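Enquirer: Questions regarding the structure given below will be posed in turn.
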Amino acid sequence: MAQVVPAEGDMRRVIGDGEAQPDGEVEGLADQDLLELYRAMVLLRTYDERSVVFHRQGRIGTYAIFWGHEAMQAGSFHALAREDWIFPSYRESAIGLLRGMPPETVFSWWRGHPAGWWDPREYGVASIAVPIATHVPHAVGFAWGKKLRGESACAIAYFGDGATSEGAFHEGANFAAVMRAPAILFCNNNGWAISTPLSAQTRAATLADKAAGYGMPGVRVDGGDVLAVYEATREAVARARAGDGPTFIEAVTYRCAPHATADDPSAYIDPKRVEAERANECVGRYERYLRRLGLLGDDLLETIAAEAKETIRAGIAAAEALPAPDPSLVTRDAYAE
Amino acid sequence: MPNSTLVEAVNDALRVEMERDESVMVMGEDVGRAGGVFRATAGLLDRFGPDRCVDTPLAEAGILGTAVGLAMAGWRPVCEMQYESFSYPCLDQLICHVGRYHWRTNGAMEFPITIRMPTGGGVKAPELHEDSPETYYVHTPGIKVAIPSTPSDAKGLLAAAIRSPDPVVLMEPKVLYRSPREDVPEGEHVVPLGKARIAREGDDVTFIAYGGMVAVAKRAAEELEASAEVVDVRSLKPLDEETLLASVAKTGRAVIVQEAPRVAGFGAEIAALLAEKAILDLRGPVIRVTGYDVPFPFWSLEDEHIPSPARVVEAAEQVLSF
């Protein structure tokens, strides 16, 4: 079995820095794919930034910010086929947008309105998982179940670095390996679980090291590099479809935003570090890459930004236009019969 | 199936339902090669293969957690928890997801997951093999719970659980696994959830019991001078209020027998139901005979903990002389 135990700091990268480190490229990605990835990142970024504003305006409730996670979400998503299912945590609350879920659905979720739930089969996106890591076994069970049916679909579960301390992560990862489930365990390691740094979660040199204990490949990738994330996920998907079982991906980034709108990280994170990390955030990095390639200029950039803003504006308007939920909904849908 | 034990009836239900519906699969610790520590799944691996009778890693939360995903992929998983006390790790999945997921989809998706487990004491087992945790399950929204007291009901309730579009916990009293025996209907046999059973007819007092306590209540009824009716609750959720209330309306007296610890146990729920809906029928206080609010004792003391017929008789005499 392929066994990869990456050393600390040895992360896969594709995007260069425009200076000493040259740009790489990912085989098989056409210009349209590259721009599609950018559009997805901008849509997610716009959703996230506007959501923080909407929260301040009292238009949505407490909101879990994912600023800086756009490369991880868009890059991994792009490697999936429509038949593959996504099992998001609350940090990926808007990933359904990439599958055509209307923004008002996600806004409704954060507005505490029943229209915020959806039929997972409609988008291949499971419900947003609020508890930490307990959805990892769901993704594994789904992937295993599809394999048992002879279907080629795989599943990806998103979770954070803190989730790797949970028993549910362990049980899910172990089941995935034992059942050779076509699953991708995607860890967005942003270094912080609310106020708890990674050093207080684990003594392992890297989270990807944990994969070896389950007998599955572990990959470590720069979570701010959308192309590296895409490439690593594409390999994991190919492995899953070939019947070779699950992959653990550790995408490394740094949390540059509060955990949620109710959190004040100035109490525990060095603002200088945040400032430095924000200067190298993933959307800007990719934008500069596309400019160096000559694929993106000011006009197209503005068009893409305007489209995203309009989508989000229409989404919040539609969510706010929904009537208040019928009180009878309180006692509905707990049981199928 | 003539002269069948409860565990044989469970095994038969699994076989019949797996033959009837190819999406039914059995999963759990030691359910395949070993056929289950109580032999409830014996023969299923040979008959249905390792894809539908799965020996899982030793991980109860993982069993139930992957069952959620299996259900999303179109399977009807029947999860075995090897002992009721080993089911506690799966409560995380049960409370956070299994009972909520149908609601989370606004009713669009069904999660037909069955969770089987032995329950209760009286078999002289080591610590944490003899609990009665039904209340944890009953208290969880979105979950249905049934506890049979006869081989036929074990088969029929398990079939109903497997066919239910909702998650159902089926608790099998391990003290009844190998005795008594009775003739169990052949082939498909379904006992609908939500229906209690009159286990013994009587006029003066109603003993309300379920699982292993039905036999205790029946023995008490034999010993009691007055005429006692025994209602076997069978389905704790949904609860057959009608049958319970009709019996208490007839007798005017109720004694609830529950093996689990007393405080906030399921007996308290029945007592509250009678207080709300049967107050004018009652001629005396509703009395609970229960286990104590202590960890289930070492087995040399278990007979002191589990309600005995004598304690039930004493409670009945108290309410009869009120």
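Every read-out reported here was derived from the displayed coordinates using simple, explicitly stated rules and does not represent laboratory data. Model, not experiment: these values are computed from the prediction. Don't worry about glycine lacking a Cβ; one is built from the backbone with ideal geometry, like all the others, and counts go over all protein chains shown.
Enquirer: Using the Karplus equation 6.51 cos²θ - 1.76 cosθ + 1.60 (θ = phi - 60°), what ³J(HN,Hα) coupling, rounded to whole Hz, does each residue of the range A:170-183 give in order, writing x for Gly and Pro?
Expert: Calculated HN-Hα couplings, in order: 4, 5, x, 5, 5, 4, 4, 5, 4, 8, 6, 6, x, 10 Hz.
Enquirer: Evaluate E = 1/(1 + (r/R0)^6) for B:K250 and B:E222, where r is the Cβ-Cβ distance and R0 equals 22 Å; express this FRET efficiency to the nearest 0.05.
Expert: 0.70
Enquirer: Under the rule a/c < 1.5 gives rounded, and otherwise a/b versus b/c splits prolate from oblate, where does chain A land using the Cα gyration tensor?
Expert: rounded
Enquirer: Hey, got a sec? Which GluC sites (Glu not before Pro) in the range A:1-102 land in a DSSP loop and have at most 15 other Cβ atoms within 10 Å?
Expert: A:E8, A:E19, A:E25, A:E27, A:E83
Enquirer: Another question, then. Take the alpha-carbon centre of the range A:49-114, take the same for the range B:116-141, and report the distance between them in whole Å.
Expert: Spelled out, the Cα-based centre of one part sits 41 Å from the other.
Enquirer: Which ordering of B:K174, B:K124 is given by a fewest-first count of other beta-carbon atoms within 10 Å? Kindly include the intermediate steps, with their values, before the conclusion.
Expert: Values: B:K174 24, B:K124 12.
In order of increasing Cβ crowding within 10 Å: B:K124, B:K174.
Enquirer: Related question: For the protein assembly as shown, build the charge dipole from Cβ charges (+1 Lys, Arg; -1 Asp, Glu) around the Cα centre, then report which of B:G156, B:P295, A:F77 sits farthest towards its positive end.
Expert: The residue sitting farthest along the positive end of the dipole is A:F77.
Enquirer: Go through the range A:262-268 residue by residue and turn each phi into a ³J(HN,Hα) via Karplus (6.51, -1.76, 1.60, θ = phi - 60°); whole Hz please, and just put x for glycine and proline.
Expert: Values, residue by residue: 8, 10, 10, x, 4, 6, 9 Hz.
Enquirer: A further question follows. Would you please calculate the Kirkwood hydrodynamic radius of the range A:180-337 over all C-alpha pairs and express it in Å, rounded to one decimal?
Expert: 19.6
Enquirer: Near the amide H of B:I115, under 5 Å away, which other amide H atoms are found, from residues 5 or more places off or on another chain, if H is placed in the peptide plane?
Expert: Those lying under 5 Å, H to H, from B:I115 are B:C79, B:V168, B:V169, B:L170.
Enquirer: I'd like the FRET efficiency for B:D203 and A:A318, computed as 1/(1 + (r/R0)^6) with the beta carbon distance as r and R0 of 60 Å, rounded to 0.05.
Expert: My answer for the efficiency is 0.40.
Enquirer: First measure r as the distance between the Cβ atoms of B:R181 and A:R241, then evaluate 1/(1 + (r/R0)^6) with R0 = 60 Å and state the FRET efficiency to the nearest 0.05.
Expert: Once rounded, the FRET efficiency stands at 0.70.
Enquirer: How about the range A:187-277: which trypsin sites (Lys or Arg not before Pro) there lie in a loop by DSSP and see at most 11 other Cβ atoms within 10 Å?
Expert: Qualifying residues, ordered by number: A:R203.
Enquirer: Looking at the range A:250-337, which chymotrypsin sites (Phe, Trp or Tyr not before Pro) are DSSP coil and have at most 15 other C-beta atoms within 10 Å of their C-beta?
Expert: Those that pass, being in a loop and sparsely packed, are A:Y268.
Enquirer: How big is the range B:6-176 by Rg and Dmax over its Cα atoms, in Å?
Expert: For the range B:6-176, the Cα-based Rg and Dmax read 14.5, 46 Å.
Enquirer: How do A:D270, B:D204, A:D23, B:D12 rank when sorted from fewest to most other Cβ atoms within 10 Å of their own Cβ?
Expert: Ranking A:D270, B:D204, A:D23, B:D12 by Cβ neighbours within 10 Å, fewest first, gives A:D270, A:D23, B:D204, B:D12.
Enquirer: Right, something else. In a GNM of chain A with a 10 Å cut-off on Cα contacts, which of A:A208, A:A321, A:A94 has the highest mean-square fluctuation?
Expert: Of A:A208, A:A321, A:A94, the Gaussian network model singles out A:A321 as fluctuating most.
Enquirer: When we measure straight from the Cα of B:K237, which lysines land under 21 angstrom away, once same-chain ones fewer than 8 places off are left out?
Expert: Counting by Cα, and skipping residues close in sequence, B:K237 has these lysines nearby: B:K144, B:K155, B:K174, B:K195, B:K277.
Enquirer: Please report the equivalent ellipsoid semi-axes of the protein assembly as shown, computed as sqrt(5 x eigenvalue) of the Cα gyration tensor, largest first, in whole Å. Write out the running numbers ahead of the final one.
Expert: On the way: eigenvalues 577, 139, 88 Å².
Taking √(5λ) for each eigenvalue gives 54, 26, 21 Å, largest first.
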